[in-house]
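The values are calculated or read from the model by the stated rules, or taken from the named source; none is laboratory data. These figures come from a predicted structure and were not determined experimentally. Backbone-built Cβ (ideal geometry, glycine too); neighbour counts: all protein chains shown. The area values use the complete protein model at the heavy-atom level, side chains included, leaving out ligands, DNA and RNA. Shrake-Rupley method; radii C 1.70, N 1.55, O 1.52, S 1.80 Å.
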Amino acid sequence: MTIATALSPLAAHASSACDKGAWRGTLGTSPVSIELNPAEDERPAMGRYYYRSSLGDLTLVRDARTGEWQELDAAEKLTGRLTLNCDANTLNGEWRSVDGTKKLPIAATATRNDDYNAPRKIALKPTVAKTGQIGGRRYEVLTYPVPGTIGTRGAKLDTTHGGIRLIGTTPAITTLNATLWGKAVDAVIDHIDCMAQGRRERGPEAGYESSQTQTVVAWNAAFVVVDTWNEGYCGGAHPWHGNSVTTYRLDTGAEADVSSWVRSDWRSEIPKDSRLGKLLVKAYADNGGNGEEAECRDEVRWMGSSIHPEPKQLVFHTQASYAMTPCAEDVALPIDAVWPYLTPAGQQALKTFR
């Protein structure tokens, strides 16, 4: 998720306004990353910056009368003032303390907007919370740092970001761990960006909370299956929540093409009146949950491309509209029951889960 307005590299740094774009340079002798956004409707020009690889942004609000930028900390306390001048490639200026007794020069070079978070992303390191095992194979449960979040009236918000790291030394495990790390780090960066977006668009009391966790669902000699759960709120009418389950190959570390495991004409939707569709509808109705409701049975559908394997079963991810989200309860069918409807590639893959 990119919070800054999408721009081509370097080109959108206006020489007249100096209120749009991203820069990286120094404030005094300390490395800083700076992002500025123009005024919009009743909202003044605003921005943010951080030192080195800090996860906490300082907010910048431009005074339309003087052109100075006020620097505010996480508690909305005035901590400094900045004067900035820029052209297409460079930004220069001065930071002053609130009482004006301390001054530091600012010098920075234009960079891509989506590179604003690059220093903190590279430096982001998780801690090991515990170790786990599945099928005799071990993995680490990781906790990722996130900046403190405060909501309306100063209430602390629930923010948890976790991940996993598989224990192993094969090239495929190394590749897969890098993928899992990248997904977890991106979630932390999204969290930081949404905090900035909320502050800019909805004011200092705009709360934001989020959570991401990764869980090993299955792991054998050929595949590992990882469930990623996300939930949070970043303004708008509704929060978001949901999970995605991904199957990875352990010969390459890449995502497995599970869509090739089921008949090609069923990849976008499995007809409910097909033999496999009838099995799914029956299992869904027999689960004892919302499948007992006729309205849900009419609403839900399944796709051959949205599945994941577990020991002795294949799980079909139930699809439903947002308004009918409670109906979306996944359905697991025994591998032997779905075997006739699998492609040769699917049968070969699921042999390892039988």
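Residue-wise test of (1) open to solvent by 70 Å² or more (accessible area, probe 1.4 Å); (2) over 27 Å from ILE189 (Cβ atoms); (3) free of Cβ contacts under 8 Å to residues at least 12 places away in the same chain.
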{"position": "SER53", "(1), (2), (3)": "no, no, no"}
{"position": "ASP57", "(1), (2), (3)": "no, no, no"}
{"position": "VAL61", "(1), (2), (3)": "no, no, no"}
{"position": "GLU68", "(1), (2), (3)": "no, yes, no"}
{"position": "LEU72", "(1), (2), (3)": "no, no, no"}
{"position": "THR90", "(1), (2), (3)": "no, no, no"}
{"position": "SER97", "(1), (2), (3)": "no, yes, no"}
{"position": "PRO105", "(1), (2), (3)": "yes, yes, no"}
{"position": "ALA108", "(1), (2), (3)": "no, no, no"}
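Residue-wise test of (1) over 30 Å from GLY56 (Cα atoms); (2) modelled with pLDDT of 90 or more; (3) open to solvent by 20 Å² or more (accessible area, probe 1.4 Å); (4) out of contact with any helix residue (DSSP H, G or I) (no Cβ under 7 Å at 6 or more places or on another chain).
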| site | (1), (2), (3), (4) |
| --- | --- |
| PRO171 | yes, yes, yes, yes |
| ALA184 | no, yes, no, yes |
| VAL188 | no, yes, no, yes |
| MET195 | no, no, yes, yes |
| ARG199 | no, no, yes, yes |
| ARG202 | no, no, yes, yes |
| THR213 | no, yes, yes, yes |
| ALA221 | yes, yes, yes, no |
| ASP227 | no, yes, yes, yes |
(request) Among the strands (runs of 3 or more DSSP E) lying completely within the range 287-349, list those that include at least 2 residues that are open to solvent by 40 Å² or more (accessible area, probe 1.4 Å). (result) 331-334
(message) Condition (residue is at pLDDT 95 or above, among the polar types (S, T, N, Q), assigned to a strand (DSSP E or B) and more than 27 Å from the chain's Cα centre (by Cα)) applied to the range 69-78: is it met by at least one residue?
(response) yes
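Report yes if TRP240 is without any contact (Cβ under 8 Å) to a residue 12 or more places away in the chain and within 26 Å of ASP114 (Cβ to Cβ), otherwise no.
Values: without any contact (Cβ under 8 Å) to a residue 12 or more places away in the chain: yes; within 26 Å of ASP114 (Cβ to Cβ): yes.
In short, yes.
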(request) Could you check ARG153 against (1) open to solvent by 70 Å² or more (accessible area, probe 1.4 Å); (2) in a loop (DSSP other than H, G, I, E, B); (3) modelled with pLDDT under 95 and say which number it fails? (result) (2)
(message) I need a count of the residues in the range 18-34 that are more than 18 Å from THR79 (Cα to Cα) and open to solvent by less than 30 Å² (accessible area, probe 1.4 Å).
(response) 6
